[in-house]
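Student: The structure follows.
Every read-out reported here was derived from the displayed coordinates using simple, explicitly stated rules and does not represent laboratory data. Owing to the predicted nature of the structure, the values given are computational and were not obtained by experimental measurement. With ideal geometry, Cβ positions are generated from the backbone for all residues, glycine too; neighbour counts draw on all protein chains shown.
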Amino acid sequence: MNSLRRGGFTSITIGVLWSLVIATTVAICLSFATGESFKPTLWGSLAFGFCVGILAMICKPLQPVRRWLLAGAVALVAVLLVFSPLTPIIAGEEVAAVQLSVCALIFGLALYLPLQNMLQEVQIGPLTRHAFEDAIIRFLTGFGYIVFTAAVLIPFYVMVMTSLKSQQALLQNPLDFSIDFSRGWDLFRSYVELFQQFNFGNYLMVSLLVSIVTVIITLLFSVPGAYAVARLNFKGRAAFSRSILLIYMVPLIVLALPIYIAFSMTGLRNTITGIVLIYPVTTIPVALYMLQGYFRGLPVEVEEAGLMDGLTRLQVIWKITLPLSLPAMVSVSLYVFMIAWNEFLLAFMLLDDPSKFTLTRGVAMLNSSEIPRQHLMAGAVISTLPIMALFLGLERFMTKGLTAGSVKG
């Protein structure tokens, strides 16, 4: 272990591994962005990572200007190497020299700058345990960021780019995800046709209505229930509190057939009313669980003061508890809205009339050999963007609401 904790060995190992990660990432990103063929090379990446790892350990610039000068020098060497047998990234014959040079420039900058940060505690000779672990943790953190970002962005990028393609371009090269800006506004033709020919405006309104009503019904039941579990003493309270989430132990697919039969017999199948009745069944338990933890974290003395001033229990909830619980309420509402907006199984099973389709049911309808693939991707983008914008806009409330009540209670 002591031989492993040496500056030279650590810097070389991290440099080589990071070089392979960056070469692969840059090659994949440029292949998606340009539609051309880029791929990393093993020996070129290893050799370049070996040298840059040593350089990042030895050269520790104290000024940002020197840091960027060294990064520029590394990037310039990477550009020169792409025209040699030791190139870290190779490209197809159709790729111009300028594109390949830009690829190498990005590779050099993305390699050296993070490496210098990872190896800032690494010195020549034996390392302390702190310096060794710091370098490893920084490398794993950077690797995790890249993997997580790629897992999130690449599918979304492919979805968006495919929705902007023409049918002819998709048939010529389905793996070309570059944008042809010469088409102008015709890039958005798939989106226009979805609203004009496939009634997507109605799907959006139905999903919005169902999601909002689900949130309202869920809060109407979960707020009193969570408050009762958190504040009132009654027989079976502990058992009820522990069994709230037991419904999630039963897969929804197991309940699909009984729900279908019951809704068919009662005339609720293929109706918006039926969807609005069944969705809260899946959201109320999680809302109860989230809110009871928050209510337990609120000071009991505030509510007792309201009761001593002559307020009823319902007035205390309305005038004191709910205003104090705004972060949790927003968090629960957003979470329930997302569940209702993205729900597919029940909508697919219970809805047959296109005029009553939710957005997810409408997108599933596009998955047909008779409908161009770009329309399916455009529908997926339309269903994703509203909930993404809502989540990003209210994310701070959701984070605060989810963590509230985790210390007390």
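Student: What is the distance in Å between the Cα centres of the stretch 95-156 and the stretch 31-61?
Tutor: 10
Student: Only Lys, Arg, Asp and Glu count, each charged at its Cβ (+1, +1, -1, -1), so figure out the dipole size of the chain about its Cα centre, rounded to 20 debye.
Tutor: With Lys and Arg at +1 and Asp and Glu at -1, about 1100 debye.
Student: Let me ask something else. Can you give me the distance in nm between label points at residue 389 and residue 326, each placed 7 Å from the Cα along the Cα-to-Cβ direction?
Tutor: 2.4
Student: While we're on this one: If a helix is a whole DSSP H run, which ones in the chain reach 18 Å or further along their own axis (Cα) and hold a mean Kyte-Doolittle hydropathy of at least -0.5?
Tutor: 7-34, 42-58, 64-81, 97-118, 129-163, 200-231, 252-266, 272-297, 326-342, 373-403
Student: Kindly provide the helix-only [θ] at 222 nm of the chain, computed as the sum of -39,500 (n - 2.57) over DSSP H runs of four or more divided by all residues, to the nearest 500 deg cm²/dmol?
Tutor: -23500 deg cm²/dmol, from helical runs alone.
Student: Which of rounded, prolate, oblate describes the stretch 7-172, given a ≥ b ≥ c as roots of the alpha-carbon gyration tensor eigenvalues and a/c under 1.5 marking rounded, otherwise prolate only if a/b is larger than b/c?
Tutor: Prolate, because a/c is 1.5 or more and a/b exceeds b/c.
Student: Can you list which of the GluC sites (Glu not before Pro) found in the stretch 1-103 are DSSP loop residues with at most 14 other C-beta atoms within 10 Å?
Tutor: 93, 94
Student: Still on this structure, I have one more. Just how large is the dipole of the stretch 1-119 about the Cα centre, in debye to the nearest 20, putting +1 at every Lys and Arg Cβ and -1 at every Asp and Glu Cβ?
Tutor: With only Lys, Arg, Asp and Glu charged at Cβ, the dipole is about 640 debye.
Student: Can you figure out the FRET efficiency of residue 265 with residue 353, using R₀ = 25 Å and their beta-carbon distance, to the nearest 0.05?
Tutor: After rounding, the FRET efficiency stands at 0.85.
Student: Which listed residue (42, 97, 226) has the Cα farthest towards the positive end of the charge dipole for the chain, taking +1 on Lys and Arg C-beta and -1 on Asp and Glu C-beta about the Cα centre?
Tutor: 226
Student: Nothing charged except the Cβ atoms of Lys and Arg (+1) and of Asp and Glu (-1): what's the magnitude of the dipole of the stretch 192-403 about its Cα centre? Round to the nearest 20 debye.
Tutor: Dipole of the stretch 192-403, to the nearest 20 debye: 480 debye.
Student: Shifting gears a bit: State which stretch of the chain is the longest one without any exposed trypsin sites (Lys or Arg not before Pro), exposure meaning a DSSP loop state and at most 11 other Cβ atoms within 10 Å.
Tutor: Between the exposed loop sites, the longest stretch runs 1-234.
Student: Treating cross-link reach as a plain straight distance, find the aspartates and glutamates whose alpha-carbon is under 14 Å from the alpha-carbon of residue 39, omitting any fewer than eight places away in the same chain.
Tutor: Leaving aside aspartates and glutamates fewer than 8 places away in the same chain, those within reach of residue 39 are 93, 94.
Student: So, in nm, how far is label residue 367 from label residue 221 when the simple model puts each one 7 Å beyond its Cα toward the Cβ?
Tutor: 2.8
Student: Now, a different point. Please say if the chain is rounded, prolate or oblate, where rounded means a/c under 1.5 for a ≥ b ≥ c the square roots of the C-alpha gyration tensor eigenvalues, and otherwise the choice is prolate for a/b larger than b/c and oblate otherwise?
Tutor: Because a/c hits 1.5 or more and a/b fails to exceed b/c, the chain counts as oblate.
Student: While we're looking at this one, here's another question. With unit charges on the beta carbons (Lys and Arg positive, Asp and Glu negative) and the dipole taken about the Cα centre of the stretch 312-384, which residue among 326, 371, 346 sits farthest to the positive side?
Tutor: Of the candidates, 326 comes out farthest on the positive side.
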